[in-house]
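Quick notes on the structure that follows.
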């Protein structure tokens, strides 16, 4: 209708469609005009996200691919950029590597609750090893003070501040259980977290959108959110870092215990185990029948937390006295 | 609500009318949306392929989803373990203890003596079972280790050594054999890495391990693990109001 009016008497047309249609408007040119307009609008819309990049995020970081789709060259470039950013923001020279699972290895962890006395050295070691926010003394581990005779995690206290152990209490460190059926991975809307071949559930901190679904899904409250940019002095930064593990996490992303994969995938013990003064922690390759962890699982009366949920943790607890 | 219940026909009529209008509206908006969306997608693809920094010559199927570790980490590859495995080292006491006698030499060094310095000239008294029985020396030392007496472990024939239950002399460095005579379950667990702290490598093909000795953690005279004061507390966000929540 509009185009025929315009053809018959352009002077009377109070709403000319487009200036380019002056030499006789037809239905075809009108449609072309609409398409061009919409196309330009769409192009602008497609470019628009680039204008929303926060000031502290570089374009290359914004356009970075998911970890699993990075080529070796990409990784080299990404790690170099992250190292430079750490130097710039924290004044620390660090090296970020890409530790991969050792073929044939499946990690498991066990804690002897008869030995653990709640001294909290594991939390402190975790904080230092994993470049946690010093302002809130963040840690991947939470040591619960529990009443003897109960395994109700909800009634455990993390704020106890007295000499340990108390006679009527036992102490239970809880960290990521590296479930074989991890609810946190299932709920992630962007696949920023996944389970690797050695059983470790990892997070691509640069792919995470910080929606915190995983934090809500985890029955062990093992995931943490970086509410602030981590505060660390240059001397406090642990320079031995991994992309999927202890590099300094950006604000607004989720993080979790990764069994110190930057250490354990090189054969070393996790930092919390080395720090434990009671020797309550046992770590190793569950696939190796001669390993310590294998012996513990076979010979101690181990249990897992919240077994009824079907999460199938790789983290075991036991009492032995 | 009552009107709807009383006259269902009318309600249905109205609902049909609404549906009709809505359908027409949604049809029109669908066409508009479809046009816009196709343009958006087209432009986005154009824009993304133009701005994307990564070469896209590899099809997705051929791109390595998970890179496979092809070589050992640097430090493990460069060091070769003897017969394939690194050693497990157990801390050992330096040797027989030295007793601080509370005097300083002319050079200002603290003076200490071997056990045998005094004990060589004194007859062992088997009646003394614990520090409370002593009337000089070692009186202030705490002792709480079951019903053991001093000479259950200390060798009265040579105070610079210990002895086993069958009276076989034993160097102080070999103290773990002494402890294991009674604490068999702990020794069994220790041998399987389930008792006692350690540092180093879980994988002995990649590096060595260092393990604690019994007496690193347990005083032989008061073996109960001491109480500790936790010094580190993460300040979780949710802990702020924790004290107001009453658990029963």
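Figures for the structure shown
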| read-out | value |
| --- | --- |
| Of all residues making up segment A:138-184, the number that are closer than 21 Å to residue A:203 by Cα and not in a strand (DSSP E or B) | 14 |
| Criterion violated by residue A:209 - all others in (1) closer than 21 Å to residue A:81 by Cβ; (2) within 14 Å of chain B (Cβ to nearest Cβ) satisfied | (2) |
| From the options B:172, B:143, B:232, B:225, residue that is over 30 Å from residue A:133 (Cβ atoms) and free of Cβ contacts under 8 Å to residues at least 24 places away in the same chain | B:225 |
| Members of segment A:146-171 found to be closer than 18 Å to residue A:220 by Cβ and modelled with pLDDT of 95 or more, listed by number | A:146, A:170, A:171 |
| Verdict on residue A:239 being in contact (Cβ under 8 Å) with a residue 12 or more places away in the chain, within 13 Å of chain B (Cβ to nearest Cβ) and touching a strand residue (DSSP E or B) at 6+ places or on another chain (Cβ under 9 Å) | no |
| Residue in segment B:123-138 that is closer than 25 Å to residue B:95 by Cβ and part of a helix (DSSP H, G or I) present | yes |
| Of residues in segment B:204-235 being facing chain A (nearest Cβ under 7 Å) and over 17 Å from the mean Cα position of the chain (by Cα), the one modelled with the lowest pLDDT | B:235 |
| Top-ranked residue of segment B:206-218 - restricted to ones that are in contact (Cβ under 8 Å) with a residue 60 or more places away in the chain and assigned to a loop (DSSP other than H, G, I, E, B), ranked as surrounded by the most Cβ atoms within 10 Å (Cβ to Cβ) | B:206 |
| Subset tally (residues that are in a helix (DSSP H, G or I) and exposed (fewer than 12 other Cβ atoms within 10 Å of the Cβ)) for segment A:45-78 | 7 |
| Hits in segment A:147-164 (condition: more than 7 Å from chain B (Cβ to nearest Cβ) and surrounded by 19 or more Cβ atoms within 10 Å (Cβ to Cβ)) | A:156 |
| Search result, residues across segment A:274-293 that are closer than 26 Å to residue A:117 by Cβ and either over 28 Å from the mean Cα position of the chain (by Cα) or without any contact (Cβ under 8 Å) to a residue 24 or more places away in the chain (or both) | A:277, A:278, A:279, A:291, A:292 |
| Count of residues meeting criterion [within 22 Å of residue A:172 (Cα to Cα) and within 7 Å of another protein chain (Cβ to nearest Cβ)] in segment A:260-299 | 12 |
| Selection status of residue A:105, surrounded by 19 or more Cβ atoms within 10 Å (Cβ to Cβ) and more than 10 Å from chain B (Cβ to nearest Cβ) | no |
| Matching residues, segment B:186-203, being surrounded by fewer than 20 Cβ atoms within 10 Å (Cβ to Cβ) and more than 8 Å from every other protein chain (Cβ to nearest Cβ) | B:186, B:187, B:188, B:191 |
| Single match in A:110, A:97, A:92 (criterion: crowded, with 18+ Cβ neighbours inside 10 Å and more than 9 Å from chain B (Cβ to nearest Cβ)) | A:92 |
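Here's the yes/no breakdown for (1) closer than 22 Å to residue A:136 by Cβ; (2) under 13 Å from the mean Cα position of the chain (by Cα):
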{"site": "A:192", "(1), (2)": "no, yes"}
{"site": "A:205", "(1), (2)": "yes, yes"}
{"site": "A:220", "(1), (2)": "yes, no"}
{"site": "A:226", "(1), (2)": "yes, yes"}
{"site": "A:233", "(1), (2)": "yes, no"}
{"site": "A:242", "(1), (2)": "no, yes"}
{"site": "A:246", "(1), (2)": "yes, yes"}
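The values are calculated or read from the model by the stated rules, or taken from the named source; none is laboratory data. Source: prediction; values computed, not measured. Reconstructed Cβ throughout: ideal geometry from the backbone, glycine too, with neighbour counts over all protein chains shown.
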